[in-house]
1. At 222 nm, what helix-only mean residue ellipticity would the chain give, in deg cm²/dmol to the nearest 500, using -39500 (n - 2.57) for each DSSP H run of four or more?
2. Which aspartates and glutamates have a Cα lying under 17 Å from the Cα of Lys151, excluding residues fewer than 8 positions away in the same chain?
3. Given the C-alpha centroids of region 1-60 and region 110-151, what is the distance between them in whole angstrom?
4. Mind telling me which of Arg32, Arg53, Arg92 comes out most flexible in a GNM of the chain, alpha-carbon contacts under 10 Å?
5. Take Lys69, Lys36 and sort them by solvent-accessible surface of the protein heavy atoms, 1.4 Å probe, largest at the top.
6. Can you tally the net charge around Ala26? Count Lys and Arg as +1, Asp and Glu as -1, for every other residue whose Cβ sits under 14 Å from the Cβ of Ala26.
7. Go through (i) 39; (ii) 47; (iii) 51 and flag the label whose value is the computed percent of Cα pairs over 23 Å apart for this structure.
8. With a probe of 1.4 Å, find how much accessible area region 1-93 has per residue, and write the answer as a whole number in Å².
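The values are calculated or read from the model by the stated rules, or taken from the named source; none is laboratory data. None of the values given here were measured: they were computed from a predicted structure. Positions of Cβ are backbone-derived with ideal geometry, glycine not excepted, and every protein chain shown enters the neighbour counts. To get the accessible areas, we keep the full protein, side chains included, count just its heavy atoms, and leave off ligands, DNA and RNA. Shrake-Rupley method; radii C 1.70, N 1.55, O 1.52, S 1.80 Å.
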Amino acid sequence: TGRPTAIGIVDGPDEDMEVMPVAFVASLNAEREEVKIITPYLRPNAVLMSALRLCAVRRVKVTILTSDKNNIPFVGWAAQTLYPELLRVGCRIFESPAPFDHSKIFLIDGVWSFLGSTNWDPRSLRLNFEFNLACHDAELCRRLSAEMDAKMARSREITPGMLEAAPVGRRLRNGF
């Protein structure tokens, strides 16, 4: 393979505000085949949720891997309230067992990889200073995808039935 091409993307609550959400939405809108996301904090804003759902509706394969026990429990609980909406349109969601995985990887169509500090949550997407690399390299994307596949093999896939079977108390807690 050739040498990877990469661009650094700076984002923060200053003159670079909301650069990453725009880059994420643009990437999702350009998707044709497959989206793979690893994030410890899954709380995308409404625009990103819509873009993820539209990918799935367009028959783009969307796979999300997050931790089953978050280091900030209420963030993990809140993320679970989004699962039904994503599963309903065909997204696949996996929760990985301990240890807590703090990776932030976003893979696009087997050629683009976003790596860096940005989480898929409002704090990271709007309030924090973040830095990411957008890399165009099929070999790097293949290796990262294989790493994600290995993590998913040790993870639990979330199903609508699992969510429906959750105790009412847990569902209330998550929505609170």
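1. Computed mean residue ellipticity for the chain: -11000 deg cm²/dmol.
2. Lys151 reaches Asp68, Glu95, Asp101.
3. Result: 9 Å between the Cα centres.
4. In this elastic network of the chain, the residue with the biggest mean-square fluctuation among Arg32, Arg53, Arg92 is Arg32.
5. My answer, sorted largest first, is Lys69, Lys36.
6. -3
7. (i)
8. Heavy-atom accessible area per residue stands at 50 Å².
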